[in-house]
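Notes for the one structure printed next.
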């Protein structure tokens, strides 16, 4: 079923995506690796074609992956970056040199590997197991594309957990763990130690672990795993960290202490302490990758790494007058970090919230955290829902909000997101001093739809690509 002379009538990104969606959905990831290794084997082991920096954690994975990728590119390397989920288009998940993979490449490689995936599907079916899932197929496609390009190095973000995540067919020479908190507890465990045990699965024999500051129980698990795997290990707050940060126009100015050097006065065009921490974790990962953590990086290359980095959908301003922010925080820890960043970087007299949450998330915890973080600044909230079948119904969220102490008069329900945004903007504009704002948050699917409705480009970065 080859493509004919470049003509994409038979196959397109949309048709491939529809085919992928026909498989087990993204939230039904299988805790298995054997079919992935089988697929890699029949494809000629594309997972071994390039060095890998593997990124896991609860919050900050995509932002950190984008920063690492920017650093690799600043060093002159051709890069691949695999992240999830996407905001606008599935090709954002598989980036080449900071840009979503070209449609033609996405379709061509899928067409080439499809017969091999059908072979694996057949073997799974014969054994009474589910065929390859949506996420497993996308992961295999990502590795195949990176091998075909080829890339000099790839930054691979896990989908869920680590030890049995589909991406773990790759051997990361650097394993990066961003902050761990409670999320996906039904799958990963009810404590941060349980979750760390899953995420520590990406630490390979003789690799190099770079970890953000962690809860004590999570840090202990990561430390023990690194020692078991004879891996070097460095932790934020012990061997490296953010020395200082000051708010600046469009972001912040940070001084970072890395593993091998001190990097003063770096421009970081992202808001919040959490993004500064993501930046120093990315920096340490780059030092580990290029010099085993013992060689200081060129300061000009480091400046170039951070000054143009972006992270769409992460406290992103998509409209002004009133200011409308979209933020993909989808658990209480993410909400707290974003709320602190917003209030640090922006002066608002009123903030109207628009919230939508997916079923498997801690909706009560998110609502509680919003109340605690914003207080009187954000008394009005509109509960809505994305088009995802996993979205909590808006009415159910509203009932939850009232039960948690929100004033019923300030709780609005709009099942359609465009109606929710229209209502929130009108309420923000009702502030006579014009210092009102709107924050749309709670799930990545909601943020993705809001960005489309508000006319935000799929990626307005200057070269870091993707989502």
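The values are calculated or read from the model by the stated rules, or taken from the named source; none is laboratory data. These numbers come from a predicted model, not from an experiment. A quick note on method: Cβ atoms are made from the backbone with ideal geometry, for glycine too, and the neighbour counts reach across all protein chains shown.
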* To do: Give the residue, chosen from 413, 438, that is modelled with pLDDT of 95 or more, crowded, with 23+ Cβ neighbours inside 10 Å and either within 24 Å of residue 331 (Cα to Cα) or outside the structural domain of residue 395 (by TED's automatic domain parsing) (or both).
  => 438
* Quick one: would you say residue 145 is surrounded by 24 or more Cβ atoms within 10 Å (Cβ to Cβ) and closer than 25 Å to residue 277 by Cβ? -> no
* Unmet requirement for residue 76, which otherwise passes all of (1) in contact (Cβ under 8 Å) with a residue 60 or more places away in the chain; (2) in a loop (DSSP other than H, G, I, E, B); (3) surrounded by fewer than 21 Cβ atoms within 10 Å (Cβ to Cβ) -> (1)
* Asked: What do you reckon, is residue 396 in the same structural domain as residue 439 (by TED's automatic domain parsing) and surrounded by fewer than 17 Cβ atoms within 10 Å (Cβ to Cβ)?
  -> yes
* Asked: Restricted to the range 265-289, and to residues that are part of a strand (DSSP E or B) and touching a helix residue (DSSP H, G or I) at 6+ places or on another chain (Cβ under 8 Å), which residue is surrounded by the most Cβ atoms within 10 Å (Cβ to Cβ)?
  -> 268
